[in-house]
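Presented below is the structure to which this report refers.
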Amino acid sequence: MKRRGKRLLAAVILTSMTLLGGMTALAAAGSGAAAKTQTKDVQVKDTQTKDEKAKDEKAKDEKTKKFGFTYKEVRYELGADAEAAKKTLGESNGSREVNTCANGYINRAYTYGEGDSQDFEVYIEQDKNTSKDIIASITLLTANVATEEGLKVGDSAETVTKIYPTAVKGLGTYKVTEDKELLYIKMTGGKVAYISYTVTE
């Protein structure tokens, strides 16, 4: 009878140990799954943070972007070094004297385009602070060239407002302001006559 009791006790202990081992394994598996889920959540969160940063950087770039005119894959901005621009643009189709400053400096405008076509004009003046020649304005004169957003001479008023929703309509004009720069669009007969990049001051 004693032997039978000992066997029964041993069986109970063995069963308890087996059940305890199973519960421990399940708990470990559960912890592992939770850890994996937590890691996955952290990774998703990190990815979202990078996306948000990318959007912020893009918005910042758009906000600080200056007006510019691209010709033959070269971008020209207001205030840029005029001598460097003239070398890149090559020989002009013509030039004209605009005015003479008090110090005797002569402001000039140069026209460029394919062949003899005078597609756009670059107005150069002397910077008051550095005394260097800089690009003061760029004027698009024909449909052979266009703004970086796609507007060109001959386009309709509807096209102007479609490309530049923030354009302010005036008497025969549309104006788009970006910081201290201005995109001046002259209209004649409901069509774009010329487009000029200039400064507001």
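Computed values, structure above
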| item | result |
| --- | --- |
| Residue match in the stretch 159-168 (condition: under 19 Å from E77 (Cα atoms) and either modelled with pLDDT under 95 or aliphatic (A, V, I, L, M) (or both)) | no |
| Residue in the stretch 143-162 that is nearest to G68 (Cα to Cα), counting only those that are free of Cβ contacts under 8 Å to residues at least 40 places away in the same chain and crowded, with 16+ Cβ neighbours inside 10 Å | A146 |
| Output for the stretch 169-180, where each listed residue is surrounded by fewer than 19 Cβ atoms within 10 Å (Cβ to Cβ) and under 22 Å from the mean Cα position of the chain (by Cα) | K175, T177, E178, D179, K180 |
| Residue count for the stretch 180-191, restricted to those that are farther than 19 Å from T70 by Cα and touching a strand residue (DSSP E or B) at 6+ places or on another chain (Cβ under 8 Å) | 5 |
| Exclusive hit being touching a strand residue (DSSP E or B) at 6+ places or on another chain (Cβ under 6 Å) and buried (at least 16 other Cβ atoms within 10 Å of the Cβ), set S95, S196 | S196 |
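The values are calculated or read from the model by the stated rules, or taken from the named source; none is laboratory data. These numbers were taken from a predicted model, which means no experiment stands behind them. Note: ideal-geometry Cβ built from the backbone for every residue, glycine included; neighbour counts use all protein chains shown.
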